[in-house]
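Step one of this worksheet: look at the structure below.
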Amino acid sequence: MDSIHSFDSRHPANLICSLSNQFFHKEWCLGTGGAMSIRDTTTNYIYITPSGVQKELMQPKDLYVLTKNENKNKNRNQPYPYDIIYSPPLKISDCSPLFLACHEHKDANAVIHTHSQNSVLITLLFDKEFNISNMEQIKAMPSGRKDPETGKQINLSFNDNLCIPIIDNRPHEHDLLNSLKDVFEKYPNACAVLVRRHGLFVWGPTIDKAKIYNESIDYLLGLAIKMHQLNIHI
Ligand SMILES: CSC[C@@H](O)[C@@H](O)C(=O)COP(=O)(O)O
Ligand SMILES: [Zn+2]
């Protein structure tokens, strides 16, 4: 199918495969953990990883492609109106309802889900939120505010607080949907959520931004864990 095969390394299908391989080598998605979704802003097609496969070995032909269908009836497992227009002989990611929620409610064009040890450990140290400030890397994170003249996202400043909400894990990914929607409501500026004893979901306006946010968050989580071990207070 044309929508998944491209020689362009920036095509969403190629990006999902190359980034998943990179994230595996960072130990963010070992043993089939982790998943990803990208919306192509020219076609509006959404590319989603398959379920239960070794994410570092995926090829473009293994990805699902979805398109919006406003007339579609919603159900519990598919609460968003999308049709599958390309389906590999695999199951779609269990995270797909959460990914579609980020595309729909946050206007995200990319969502990354990872299982790094930092993202799990931090949820055992903090209860409802992870907060950090006075760290240079915070400046790579979005504030949620836009420059009134350029309309561009303004990033946090060194002294600003970065807050990542934490929700409790549930037996199935789709059971996290209500908690995720609560996060959207309570934390309108958040671009990520930590799931206790599970991992991290990060969304952004582009896949490049989502990757930068994920890398920055994971770095800050790692710092906070080390500071805790050294008895240094955040
Ligand atoms: C190691 S199993 C992990 C899954 O249950 C889930 O949390 C996950 O990250 C990936 O789910 P998947 O359905 O393979 O996209
Ligand atoms: Zn997971």
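List of remarks:
- The chain, accessible area per residue, ligands and nucleic acids excluded (1.4 Å, Å²): 51
- Vicinal HN-Hα couplings computed from phi for the stretch 78-92 (Karplus, 6.51 cos²θ - 1.76 cosθ + 1.60; Hz; Gly/Pro x): 10, x, 10, x, 10, 9, 7, 9, 9, 10, x, x, 9, 8, 6
- Long-range amide H partners of Glu129 with built H, under 5 Å: Ile166
- Mean-position separation - Cα centroids, the stretch 14-68 and the stretch 159-201, in angstrom: 21
- Summarising the amide proton neighbourhood of Ser116: residues at separation of 5 or more, or on other chains, whose placed amide H is nearer than 5 Å comprise Leu200.
- Using θ = phi - 60° and Karplus 6.51 cos²θ - 1.76 cosθ + 1.60, couplings along the stretch 208-217 (whole Hz; Gly, Pro as x): 4, 5, 4, 5, 4, 5, 4, 5, 5, 4
- Protection proxy ranking, peptides 169-179, 206-216, 222-232, 21-31, average beta carbon neighbours within 10 Å, highest first: 206-216, 21-31, 169-179, 222-232
- The amide H of Gly144, built 1.01 Å from its N in the peptide plane, has Ile154 as neighbours under 5 Å, considering only residues 5 or more places off or on other chains.
- Each residue, His228 and Asn161, gets one label point 7 Å from its Cα in the Cβ direction; the gap between the two is 1.8 nm.
- Integer Hz, Karplus 6.51/-1.76/1.60 couplings in order for the stretch 14-30, x for Gly and Pro: 6, 5, 4, 5, 5, 5, 4, 5, 4, 5, 4, 6, 8, 6, 9, 8, 7
- Applying 1/(1 + (r/R0)^6) with R0 = 25 Å to the Cβ-Cβ distance of Arg10 and His105 gives a FRET efficiency near 0.45.
- The stretch 182-230, accessible surface, carbon-and-sulfur percent (1.4 angstrom probe): 53
- Cα-based reach from Lys186 at 13 Å (exclusive), listing aspartates and glutamates while leaving out same-chain residues under 8 positions away: Glu129
- Exceeding the 31 Å Cα-Cα cut-off - candidates Lys91/Lys152; Lys61/Lys226; Lys55/Lys146; Lys72/Lys181; Lys26/Lys139; Lys68/Lys152: Lys91/Lys152; Lys61/Lys226; Lys55/Lys146
- The residue among Ala190, Phe130, Ser179 whose Cα reaches farthest toward the positive pole of the charge dipole of the chain, with charges on the beta-carbon of Lys, Arg, Asp and Glu, is Ser179.
- For a label point 7 Å along the Cα-to-beta-carbon line of Asn189, residues of the stretch 212-234 with backbone N under 13 Å: none
- For Val120, the solvent-accessible surface with a 1.4 Å probe is about 40 Å², rounded to the nearest 10.
- Prolate/oblate/rounded call for the stretch 12-229, Cα gyration tensor, a/c under 1.5 rounded: prolate
- Each DSSP beta bridge with both residues in the chain is either parallel or antiparallel, and the antiparallel ones are about 95%.
- What the Cβ-Cβ distance of Thr206 and Leu90 gives, at R0 = 41 Å and to the nearest 0.05, is a FRET efficiency of 0.95.
- Apportionment of accessible area to carbon and sulfur, the stretch 42-102, percent (1.4 Å): 46
- The length gained on full extension between Glu129 and Tyr219, counted as 0.36 nm times the residue separation minus their Cα-Cα distance, comes to 30.7 nm.
The values are calculated or read from the model by the stated rules, or taken from the named source; none is laboratory data. Since the structure is predicted, the reported quantities are computational estimates derived from the model, not experimental observations. Note that each Cβ is placed from the backbone with ideal geometry, even for glycine, and that neighbours are counted across all protein chains shown. The accessibility values were calculated without ligands, DNA or RNA, using every heavy atom of the protein model including side chains. Shrake-Rupley method; radii C 1.70, N 1.55, O 1.52, S 1.80 Å.
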